[in-house]
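Participant: Got a structure for you, written out below as structure tokens; questions coming shortly.
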Amino acid sequence: MSTTARKLAGVIGAVIVLGVLIGLYISSWAVSAPNPVTATPVAGATVPTTSLTLQTDAAVGPQESPNHPDWVSYLVKTGGRWVRSTIFTVPANSLVHVTVYQFDGDSGLRNPFLSAVQGTVGGTEMVDGKAVNHINPEEASHTFVVPQLGVFAPLPGVPEEAKNQCEVGPCDPATMAHRTIEFTFRTGKKGRYRWQCFVPCAAGTYFNFGGPMQTLGYMDGFIDVV
Amino acid sequence: MSSEAPAAGPPEPDHARRFGVIWLVSTLIALPLVIFVLGPNLPPGHGSDVASGQVTDNTVLTAMATPVLLLVVIYLIYAIVNFRQPKGGMLEGPAVRGNAGLQTTWIIVTGALVLSLAVYGTVRLEQGYGAGSGSGPKPLTVPSGKKLPVQVIAQQWAFTYRYPTYGGVETTHLELPVNEDIELHVTSLDVIHSFWAYQLGVKADANPGVDNVTFVKPTKIQTFEVHCAELCGLWHGAMYDHGKVVSDADFETWIHEEQRTFAATTKVLPPYATTYAPEPVRRGS
């Protein structure tokens, strides 16, 4: 083989290896998703029931998101600790009881209509122990919405004047200012259902709807009904 | 140099005439099939007046394209069969230096075809009051008579619907009464979306700050798909729902139930307007 041919083969080989590596990187990025978290079964319930305990943080913090510590995010409690995942596995034809510790301040809804509670058991949610069927849209901090299941749960924010506000997640419900929102919804048949936040809460991004709003694992996820 | 003349082969057939006959016969067979067999089954079906109009238009376009398609395909096949390289030899083809008559005919025929389609499309667009596409805030042609206004509000990543003649109630699902003229006002609260109600033949851009008006008259009781047809972010592909066309009575029952359900929320909605300018950067500012 001549020197030119060897050089040519080397260049072609390098281009192929580089192309494969770039392809692997892009594909692994494109399909990357947080690990699913299975909802906790509730003992003693008359119908199959599981529970999910979530928190929303204005800044998720370096522990759960080293690359984007300042992004707004949901966290879920599993095994006694808070982890960043937005993929939840729940049983089919069951009730899911959701508790959200809301540590973030309000942003306001772009569409006030989404301040109505919909699709939950009883058509209401509990906000700090009080049943409501809608919240003040100006006070919305986030929403937990599963459009295909018709579940709309708006989450009011922590007032600006509240003391001991959480700066960086994971936040501690025992010591830090928060709102507690609880609701229950029915799952129905098996399938993967996406959920999302509708509040433009991604500070500093285009229309406040970039970054964590457009990345799986922060303000969007899946409900895997199995 | 040889003085011997090349051996004369069998006389060439009249390719032009032969090809013309094959094309004409094929076209005469294909056209009725396209118009009467394929045409009625073309999308988007007959779910509304504009959808039926689109089926007609698609049939006309396909019928007009059929002779052209056959011309090209049959010529290709004819050339492969008749003008292929003979085995065992390399034959130089005759020099082709242009054919003014053929070129002129081609330009005139295809030009006339394209221009006639442009005129046909424009006429049909206006005859059909926009033919299911958005005509902007001031459509040139508007169907006469009573119309039910329905606002389509797009946002990342869902459509919601507002009924101004029912107290401005907003809903998560679209329901329409059958055989009534509907005046859709399509807008967006954030980025560019596109409201596509497939079986109704409606596809209108949803632009922030723009009231994009389109008209449709659903002609049968049915369920139809609603998609976003403009790439709009992470859940664009999931911006999908089903709408319903129901009887007048069922529509009245449903809309009054929605009014009751969302009575509290309707009070906090901004007054009905053709567009909205929600504060988008409260946190980011």
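FYI, it's all coordinate maths here, none of it is from the lab. Bear in mind that the values here come from a model prediction, so they are computed numbers and not experimental data. Every residue, glycine as well, gets a Cβ built from its backbone with ideal geometry; the counts of neighbours run over all protein chains shown.
Participant: Among DSSP beta bridges whose residues both lie in the stretch A:46-193, state the antiparallel percentage, nearest 5.
Facilitator: Counting DSSP beta bridges with both partners in the stretch A:46-193, the antiparallel share is about 75 percent.
Participant: Would you mind listing how long the stretch B:219-275 runs along its three principal axes, going by Cα atoms, in whole Å with the largest first?
Facilitator: Each principal axis gives a Cα extent; for the stretch B:219-275 these are 34, 34, 20 Å.
Participant: Give the shape of the stretch B:44-84 as rounded, prolate or oblate, defined through the alpha-carbon gyration tensor: a ≥ b ≥ c are the square roots of its eigenvalues, a/c under 1.5 means rounded, and otherwise the shape is prolate if a/b is larger than b/c and oblate if not.
Facilitator: The shape class here is prolate.
Participant: Simple spin-label model, 7 Å along Cα-to-Cβ: A:K190 to B:Y120 in nm?
Facilitator: 5.0 nm
Participant: Apply the Karplus parameterisation 6.51 cos²θ - 1.76 cosθ + 1.60, with θ equal to phi minus 60°, to every residue of the stretch A:64-76 and state each ³J(HN,Hα) to the nearest whole Hz, in sequence, with x for glycine and proline.
Facilitator: Listing the rounded values in order: 9, 8, x, 7, 9, x, 8, 7, 5, 7, 8, 10, 10 Hz.
Participant: Another question, if that's okay. Give the long-range amide H neighbours of A:Q165: residues separated by 5 or more places, or on another chain, with amide H under 5 Å away, using H modelled in the peptide plane at 1.01 Å from N.
Facilitator: Result for A:Q165 returns A:A177.
Participant: Out of residues 5 or more away from B:G47 or on other chains, whose amide H comes under 5 Å of its own, with H placed 1.01 Å from N in the peptide plane?
Facilitator: Result for B:G47 returns B:S52.
Participant: Please report, in debye to the nearest 20, how large the charge dipole of chain A is about its Cα centre when each Lys and Arg carries +1 at its beta carbon and each Asp and Glu carries -1 there.
Facilitator: Charge dipole of chain A: 1120 debye, to the nearest 20.
Participant: Output the lone cysteines of chain A: those with no second cysteine's C-beta under 4.7 Å from their C-beta.
Facilitator: Taking the Cβ cut-off of 4.7 Å, the unpaired cysteines of chain A are A:C197, A:C201.
Participant: If we count other beta carbons within 10 Å of each Cβ, what is the order of A:D220, A:D70, A:D106, fewest first?
Facilitator: Ordered by Cβ neighbours within 10 Å, fewest first: A:D70, A:D220, A:D106.
Participant: Right, something else. As a footprinting exposure proxy, order B:E257, A:E64, A:E138 by other Cβ within 10 Å, with the fewest listed first.
Facilitator: Going from sparsest to densest Cβ surroundings: B:E257, A:E138, A:E64.
Participant: Once phi is turned into θ = phi - 60°, what whole-Hz ³J(HN,Hα) does the Karplus curve with 6.51, -1.76 and 1.60 give for every residue of the stretch A:184-199, x standing for Gly and Pro?
Facilitator: Calculated HN-Hα couplings, in order: 10, 9, 8, 8, x, 6, 5, x, 10, 10, 7, 10, 7, 9, 9, 7 Hz.
Participant: Ok, one more. Using θ = phi - 60° and the Karplus curve 6.51 cos²θ - 1.76 cosθ + 1.60, what whole-Hz ³J(HN,Hα) does each residue of the stretch B:96-109 get, with Gly and Pro shown as x?
Facilitator: Coupling constants for the stretch B:96-109: 9, 10, x, 9, 4, x, 5, 5, 5, 4, 4, 5, 5, 5 Hz.
Participant: With +1 assigned to the C-beta of every Lys and Arg and -1 to the C-beta of every Asp and Glu, and no other charges, what is the dipole magnitude of the stretch B:148-268 about the Cα centre in debye, to the nearest 20?
Facilitator: 100 debye
Participant: Below 8 Å between Cα atoms, with a sequence gap of 6+, how large is the relative contact order for chain A in percent?
Facilitator: Relative contact order here is 23 percent.
Participant: Then there's this: If N is the number of residues in chain A, what value comes out of its Cα radius of gyration divided by 2.2 N^0.38 Å?
Facilitator: 1.23
Participant: Using alpha-carbon pairs under 8 Å, 6+ residues apart, how would you state the relative contact order of chain B in percent?
Facilitator: The value is 17 percent.
Participant: Separate question: What's the exposure ranking of B:K220, B:K146, going from fewest to most Cβ atoms within 10 Å?
Facilitator: B:K146, B:K220
Participant: Now for a different question. Using the Cα gyration tensor of the stretch B:148-268, with a ≥ b ≥ c the square roots of its eigenvalues, what is the shape: rounded (a/c below 1.5), prolate (a/b larger than b/c) or oblate (neither)?
Facilitator: oblate
Participant: Under 13 Å from the Cβ of B:T253, count the other residues' Cβ atoms, weight Lys and Arg +1, Asp and Glu -1, and hand me the total.
Facilitator: With Lys, Arg at +1 and Asp, Glu at -1, the neighbours total -4.
Participant: Is there a quick way to get the dipole size of the protein assembly as shown? I mean about its Cα centre, with the Cβ of Lys and Arg at +1 and of Asp and Glu at -1; what is the value in debye to the nearest 20?
Facilitator: So the magnitude is around 1400 debye.
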